[in-house]
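The values are calculated or read from the model by the stated rules, or taken from the named source; none is laboratory data. As the structure is a computational prediction, the values presented were derived from the model and not from experiment. Every residue, glycine among them, receives a Cβ derived from its backbone with ideal geometry; neighbour counts consider all protein chains shown. With ligands, DNA and RNA removed, areas are computed over all heavy atoms of the protein, side chains included. Shrake-Rupley method; radii C 1.70, N 1.55, O 1.52, S 1.80 Å.
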Amino acid sequence: MGLNGLFSKTWSLPTCLLVSSYLSVWIVSVPGGTAQERQLPMCKESDYRFEYTECDSLGSRWRVAVPHTPGICTGLPDPVKGTQCSFSCKAGEFLEMKTQSCVPCAAGTYSLGTGVRVDEWDVVPPGFVTLGSDLDANPSSSYSNCSQSAWTPKGEYIASNTDECTSTLSYAVNLKQAGFVSFEYLYPDNNILFEFYVQNDQCQATETQTRWMQTTEGDWDTHSVSLSRGNNVLYWRTTGFLISKTVAKPVLVRNVAITGVAYTSECFLCKPGTYSSKPGSALCAPCPINTYSNKGATVCQQCDSEKYADIGSGTCKERPACTASDYFYTHTPCDSSGQTQLMYKWIEPKVCSENADGAVKLPASGEKINCPPCNPGFFKNNASACEPCPYDSYSNGTECVPCPAGTEPMMAFEYKWWNSLPSNMKTSVFSREYSDSGRHTAWEVAGEYIYTTAGDSDTDYLMLILTVPGYREPQSVAKDSGNKELSRVTFVFETKCTADCTLYFMAGYNERANTMVEHWTGSKERQSYSYIVSSNYTVSFTWAFQRTEDYSTDRQYSSDFAKIFSIRITNVISGVASHCRRCALGSSELGSSCVPCPPGHYIENGSSTCQPCPPNTFLRPDQPVGKGACVPCGPNTYSNELQSTCFSDCRLTLAHKQVKVQYDFGPLSNTTSFQSGPRFTPKGLKYFHHFSISLCGNEGRKLASCVDNITDHRQELSAYACQSTLVPSDVRAQKTVVSSQPFSIADRLIGVTTDTELDNITSPEELFPGRGKSPDVIFYYRSVEVTKACKNGRATTIRLRCDPTESETNVLTLPSKCPEGTCDGCTFHFLWRSRHACPLCSENDYKEIVSACVKGIQKTTYVWQEPRLCTGGVTVPEQKVSVCVTLDFWLKFGVSTGTVAALLLVAVTCYFWKRTRRLEYKYSKLVMNSSAKDCELPAADSCAIMEGEDAEDDLIYLTKRSIFGKIKSFTSKRTSDGFDSVPLKSSSGINDVEIS
């Protein structure tokens, strides 16, 4: 092709520059150059390589020859038109640049076609970048340098950090066509946040599946995400969060494969421990156990008899001498004659040597003994094998017995004899170093119990996994949405340890996605533990035993063990019955059968009929027989419509100082959330305790909720009050809050009262000093979950305190002595200050003020008593205005009235005085007209002045004397004996006679 034809195309700038550089090399080697150039040898195929130019806007490109070392040879092949940019080869093939065609890979190599695969991690592979950083660390912490907390290559995989720094592994790739990325990962510890996400060349996260990875248990998992054409940046990011633990298990990533990249011009050699026996392989297979291979192998080599190798091993190891830790004891299954025997077996796969110096031999088997009975609900068939009893029957492990009339079987899984591992159980070894060991024996049956065997390492997790198909309440139990208990798991265990061994109990919806429920450290005597299942998604239970956290290649604590004696799970689908319980009988065409009682009804012992519970009681769900199943509600609580629980309507009436006081906590009934003060882990990561509270709920339905959103499988629980742990939002790239480890602290309302103790729950006043005149109202709650530390479950008290100055409704505080909210880990205390916690106002809470009378108007005003200790209720009456009379008017009226009264009094006095004088005169006249006889009085005559009497009958001396003289005479005529002397004038004209 000539130069004119070469440049007749339209080139992009990068393409022009690249082709120009190639052409400059080609031009200097044409004939006619300098003598030195003519002396250069002709280029051989080993002196150059073929590459493609950048694609132009039409998707075309050129194939050009590029010398390995410019200037050492001449005569490079001319550029030729290349394949279209969208061209690709299938997996197991590569593009042969000389012919520009796809060729299968040779045996011992592999290819992804249009992709790359990274499966060797001796060093950080080219293109990968790892970086450690600290986010939101406590500035005062000595642990603030996170530059060394990066992903670390470990040969077959790369491991994340295990501290509280953020470690990021990234890889940038340009895709010529849409593809995907897939990788295998192991994520066993949710104390590390693990996310994977993709960003484009604009640093924007692509819309792919959720970025938060789900935890794995015991095995590698594969994750795949679609990639778009163009630039893609892949991020693997971890952040440690060590609150309850000091050591976390790292996240491991391996076998990263990316498709959609440029052509693959060569195949890759199989790594040691793998092989490909046929041409055109897309992957290399791992070598079987006790075999090995070198790099690029087509077959695996067998190890010598005194050496061994794990699956996918590149070398063989010397077999160590056998010890007592390399074998275990078990009981053989019952034979046809009903006998079993103690037998010793090597742990498989066997890696030790019996011929080495100091090796122990396998002990001989024991004598045959009679088999123990079957587990409850099973019976022995003719072949001495255990089979489940039919429905409507039960057994104690010997024979099936029909349930009596009026009873129903209680379906469950119950294991108390361990002659063989149940079909729904399995065991596995989970190595802390995540080696691909083929060892599977972790727990072994031993008749009366199942126990842990020795592992490859003391840090291995010996796992026992139990799976159930689901749960179903007994037929006679009415469905109740408020009943949280679907099933109950109870097991009896024992541990014996010389180091820091730990037994973990986990629950979830499968063995790879479960969460830790409880754990026990150190030696524990034989004891029982119960766990309540509240969700149909919880169908997998795992017991994991680890002898020590400190890694060592030596097995020092192989004698440490954990034993489980019995496991019982109630209300299980496809379960068996160990007993029957009484039920209510109903009539049908087939006769009497068990029927569910209506909500709020119990089963009467004698008649097996349903009887309603008394008012204001709730039915105990686990014991619906007898009147004792109806439990009275606590103070100031009421049973709901189904009588399945008791609740408060946020209104109550209490007696305070012999006066009834009413409360309305309705404004506080909405769900309220708040956080404790910031806390820091030992290495400086900040976190908070988050509390969600629903004071009264909704007729017994809990409204508060707490979530665990670390992984894909979001878990949410509802309660009256719950707690979760919040990681600061800036720990996550999307600036969203991380919530983890939720648990309920209040499932049932016990009562509402002003007393400081109720149902053995105490709310000490000294935790919240400063109470005012109004008493605190306390809500008491309990949770149903029983823990190792709280054998009676957790309890919560919420103390409502009247504070008229507080306008906010969600001012909750924790005790200053117990900033975690609890002093003993079991009882939580909260103080809720609000004006809505005050009593409702009544007529006793205000007073009236009467103003002076101004211009005939008087005002009466009503005001609240101070300090005001009430809210809502009655309102203050409006101001009253009334007509009144002023003081001047009443003074004038009084003076006038007094004057008139005085004049009347004088007039009346004068009138009666005159009448009295007349009577005296009349009497004197009668005396003087009496007969001459001594001591004889005249006949009675009228004392009154008759009509027509002359005025001359008046006293003579009164008409002849002056007024002054009359008064003087009147006052001076009184004798010493108290009588007055009255001068009389006789009718005969004789001198006046003075009569006394």
The lone condition Gln858 fails out of (1) under 30 Å from Tyr780 (Cβ atoms); (2) outside any helix (DSSP H, G or I) is (1)
Just a yes or no: is a residue in segment 367-377 at pLDDT 90 or above and farther than 26 Å from Asp335 by Cβ?
-> no
Scanning segment 709-731 for residues that are closer than 30 Å to Ser644 by Cα and open to solvent by 20 Å² or more (accessible area, probe 1.4 Å), which turns out modelled with the lowest pLDDT?
-> Arg714
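Residue-by-condition table, conditions (1) part of a strand (DSSP E or B); (2) more than 33 Å from the chain's Cα centre (by Cα); (3) surrounded by fewer than 19 Cβ atoms within 10 Å (Cβ to Cβ):
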residue	(1), (2), (3)
Asn605	no, yes, yes
Pro614	no, yes, yes
Val631	yes, no, yes
Asp649	no, no, yes
Thr653	yes, no, yes
Phe674	yes, no, yes
Restrict the check to segment 42-63 and report whether at least one residue is exposed (fewer than 11 other Cβ atoms within 10 Å of the Cβ), in contact with a strand residue (DSSP E or B) (Cβ under 7 Å, 6 or more places away or on another chain) and at pLDDT 80 or above.
-> yes
Within segment 655-672, which residues are in contact with a Leu (Cβ under 8 Å, 6 or more places away or on another chain), more than 30 Å from Ser740 (Cβ to Cβ) and part of a loop (DSSP other than H, G, I, E, B)?
-> Phe665
Flag for Val247 being modelled with pLDDT under 85, surrounded by fewer than 19 Cβ atoms within 10 Å (Cβ to Cβ), among the hydrophobic types (A, V, I, L, M, F, W, C) and outside any strand (DSSP E or B) | yes
Please find, within segment 500-540, the residue that is modelled with the highest pLDDT out of those that are open to solvent by 30 Å² or more (accessible area, probe 1.4 Å) and outside any strand (DSSP E or B).
-> Ser523
Just a yes or no: is a residue in segment 892-909 in contact with a strand residue (DSSP E or B) (Cβ under 9 Å, 6 or more places away or on another chain), open to solvent by less than 90 Å² (accessible area, probe 1.4 Å) and over 30 Å from Arg651 (Cβ atoms)?
-> no
Kindly provide the set of residues from segment 676-705 that are part of a loop (DSSP other than H, G, I, E, B) and of a type in the set (Lys, Arg), ordered by number.
-> Lys683, Lys702
How about segment 298-352: which of its residues are surrounded by 15 or more Cβ atoms within 10 Å (Cβ to Cβ), of a type outside the set (Ser, Thr, Tyr), within 25 Å of Ala383 (Cβ to Cβ) and in contact with a Cys (Cβ under 9 Å, 6 or more places away or on another chain)?
-> His331, Cys334
Does any residue in segment 489-515 that is more than 27 Å from Asp708 (Cβ to Cβ) and touching a residue at least 40 places away in the same chain (Cβ under 8 Å) come within less than 6 Å, Cβ to Cβ, of a residue that is part of a loop (DSSP other than H, G, I, E, B) and among the small types (Gly, Ala, Ser) six or more places away or on a different chain, and which pairs are these?
-> Thr495/Ser523; Lys496/Ser523; Cys497/Gly522; Cys497/Ser523
Being surrounded by fewer than 16 Cβ atoms within 10 Å (Cβ to Cβ) and modelled with pLDDT under 85 is the filter here, so list the residues in segment 421-453 that pass it.
-> Glu433, Asp436, Gly438, His440
Scan segment 268-279 for residues that are part of a loop (DSSP other than H, G, I, E, B) and open to solvent by less than 30 Å² (accessible area, probe 1.4 Å) and jot them down.
-> Cys270, Gly273, Ser276
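Can you tell me which residue is least open to solvent (accessible area, probe 1.4 Å) among those in segment 67-82 that are within 22 Å of Thr114 (Cβ to Cβ) and in contact with a Ser or Thr (Cβ under 9 Å, 6 or more places away or on another chain)?
Of all residues in segment 67-82, those within 22 Å of Thr114 (Cβ to Cβ) come to 80-82.
Narrowing the set further to residues that are in contact with a Ser or Thr (Cβ under 9 Å, 6 or more places away or on another chain) leaves 81-82.
Numbers: Lys81: 106, Gly82: 14 Å².
My answer is Gly82.
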Please tell me if Val625 is open to solvent by less than 40 Å² (accessible area, probe 1.4 Å) and more than 29 Å from the chain's Cα centre (by Cα).
-> yes
In the list Lys295, Lys361, Lys345, which residue meets the criterion of being part of a strand (DSSP E or B) and either within 30 Å of Trp418 (Cβ to Cβ) or not small (Gly, Ala, Ser) (or both)?
-> Lys345
